[in-house]
Structures are given as structure tokens and as C-alpha cells.
Amino acid sequence: MTRGPFGYSIARSVAHRELFGEILALCEKSRIPLSGLHFETGPGVIEASLRHCDALEAADRAIIFKSMIKAWAQTRGMMATFMAKVSENWPGQSGHIHVSMSADGQNVFYDSEAFRNVSKLMRQFIGGQLKYMNDFCVLAVPNFNSYKRLVPGCWAPIYPSWGIDNRSCAVRVIPGDPSAHRLEYRLPGADLNPYLALACAIGSGILGIETNAALPASIVGDASAEACLPSGRLPQSLAEATYRFAQSPAANDVFGERFVEAFSCSRRWEWEAVQHRVTDFERRRYFEII
């Protein structure tokens, strides 16, 4: 549909206005309203922003949206994919989650007296997300291909980090008035299971509140260059992430030993299913020269 870096391109959106109109109408009829729909960076990449709602309903909408779009695309002779990384030449496809928290109708992440309006509760919440991000990572990054997205320079996190409106961080604080002040959890890819990714984002944040988790300094600039971050680099493979999750006391406490064991078993099976496959790249690289 597009060939090149046409992120936020008005020209491309207008050129495909009929297609975009069908998607918007389909979502409205399915009660999955969108806040935005536009082309992103990379050939054929489209970003759809699902309108905010409560967490469980948000997960329901995301699952239905992905299934519905894949079926709809086939009726148009196209293929829709939610792989995290389809080409090494372009950034991956993300599944960012925007989170806010309310009590008594008030946004408790917002504090008009605090720096950039980031409340103490929000600091604790983000502190928990960062503290447990390595251990819980596999919930948000669940597939073999997922980890090929987490590379420097591609708008995906490398370390558990946070910053004010910093898209290179794992957690991006988006300051605004009380109705819009929130965080963006940028760890998951488009291949996420939305229920598990939300459980990861919210569960780690709640742990942070319960334990008064400390919040490290925010990152200004490219977070992928911050090799000295105390939490260390995010897991670099499905095998590493699965091992950390299975061995994590916090994961067992939050999600239950039965789930941790079952999900870890499924991820080990997924790793083995892909790990022993010989790829075209390996044949091109080694067949003649080795």
C-alpha cells in the first residue's frame, strides 16, 4: 500500500480514504471506536488508536479488532499482520498501552503541585513497572519474533526506563490536564495478547504502589544509549524472558504459581518450535562459505 517512510502522511491517507473509511465504519458498527487511524513508518504499516475505556473492555476490544481486521483484509485481497517485526530494515510494529488511574472520578496520576504534574502515586506506579519489567517481560513480549523489535534506534525500549514524552523509553509520561494526563507503556509489540500485556502493565504498577517502589531518574535523549541503568537490559530472547518469569517470586505472587508454570511451559515450547528451524538467512550466509 505504501513504499517508504510515510508516517503520519496526510497524502497517503487521502489517497486511501476509501479504505480508511471502511475500517472506521467497521469499527463503529462493531462498537470499537477509534481515536485515530493513519499510516506509520514502513511499507504498509497502519496505526490504529483504540479509544480509551476500562482495562478489561480495552482488552476485549483489542482482541476483536485484531481478528476483525485480519478477516476484513482477506475479503479485500490483502493480508493484515500483527507481527512485532516483519523486516529488519524497518522499526517493528508496536502495541503501546496508555494507562491512567482514577479514584472518586479524579485522575490520581495527576498532581497540579508536582513536577510535570506527576503525582506520588504515578511515580510509585511507574517505579513498579520498571522494577518488575525484566521479570514480567514475557507477558508483554510473548513470541520468538517479538524480541527482534527490541533493538536500538527503532523506537522500542532496550532498558526499563522512563521519560517525559520520550518515545525511546519503556514508559513515556504524557503530561496534560487532568482529563488526559497518563503514561504510555511502550514495551509490547503488535503481537501482544492484550489481556496478558495489560496484566503485566497494571500488575507491576500496583506492586510499585504497594511497595512504594523508588523511581530512578528520568531519561532525556535516547534511552537505548543508557547502558548504566541499574535494572540492566531487557531480556534479549524468548528463552531468557521465560526463565526470568518462571523464577520470579513476584510473578508467582501476582499471577499465581499455576498460571506462571503453564504459561512458562507454553513459551518454552514456542522457543523450541522456532529455535531449531533453519532459516533462509542461514542458508544464504553459510551454505557456500562455511
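The values are calculated or read from the model by the stated rules, or taken from the named source; none is laboratory data. Bear in mind the structure is a predicted one, so any value in this text is a computation, not a measurement. For neighbour counting, all protein chains shown are included, and Cβ atoms are generated from backbone atoms with ideal geometry for every residue, glycine included.
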Scan A73, A59 and give me the residue that is outside the structural domain of N143 (by TED's automatic domain parsing), part of a helix (DSSP H, G or I), more than 30 Å from A217 (Cα to Cα) and more than 20 Å from the chain's Cα centre (by Cα).
-> A73
Residue count, segment 238-273 (criterion: surrounded by fewer than 15 Cβ atoms within 10 Å (Cβ to Cβ) and either small (G, A, S) or outside any helix (DSSP H, G or I) (or both)) = 5
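Which members of segment 80-97 meet the condition of being among the aliphatic types (A, V, I, L, M), assigned to a loop (DSSP other than H, G, I, E, B) and either surrounded by fewer than 19 Cβ atoms within 10 Å (Cβ to Cβ) or touching a Phe, Trp or Tyr at 6+ places or on another chain (Cβ under 6 Å) (or both)? Spell out the reasoning first.
So the first thing to find is which residues in segment 80-97 are among the aliphatic types (A, V, I, L, M), and the list is 80, 83-84, 86, 97.
Narrowing the set further to residues that are assigned to a loop (DSSP other than H, G, I, E, B) leaves 80, 83-84, 86.
A80, M83, listed by residue number.
So if I check each of G4, G36, which one is loosely packed, with under 14 Cβ neighbours inside 10 Å, farther than 22 Å from I97 by Cα and in contact (Cβ under 8 Å) with a residue 12 or more places away in the chain?
Numbers: G36 fails: farther than 22 Å from I97 by Cα.
Within the list G4, G36, the selection yields G4.
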In segment 165-172, is there at least one residue being modelled with pLDDT of 95 or more, outside the structural domain of D54 (by TED's automatic domain parsing) and in a helix (DSSP H, G or I)?
-> no
Within segment 1-52, which residues are of a type in the set (K, R) and either part of a loop (DSSP other than H, G, I, E, B) or assigned by TED's automatic domain parsing to the domain that holds R182 (or both)?
-> R3, R31, R51
Answer residue from segment 98-117, given it is at negative phi and among the charged types (D, E, K, R) and is surrounded by the fewest Cβ atoms within 10 Å (Cβ to Cβ) among those | E113
S224 is checked against (1) touching a residue at least 60 places away in the same chain (Cβ under 8 Å); (2) polar (S, T, N, Q); (3) part of a loop (DSSP other than H, G, I, E, B) and fails just one. What number does that condition carry?
-> (3)
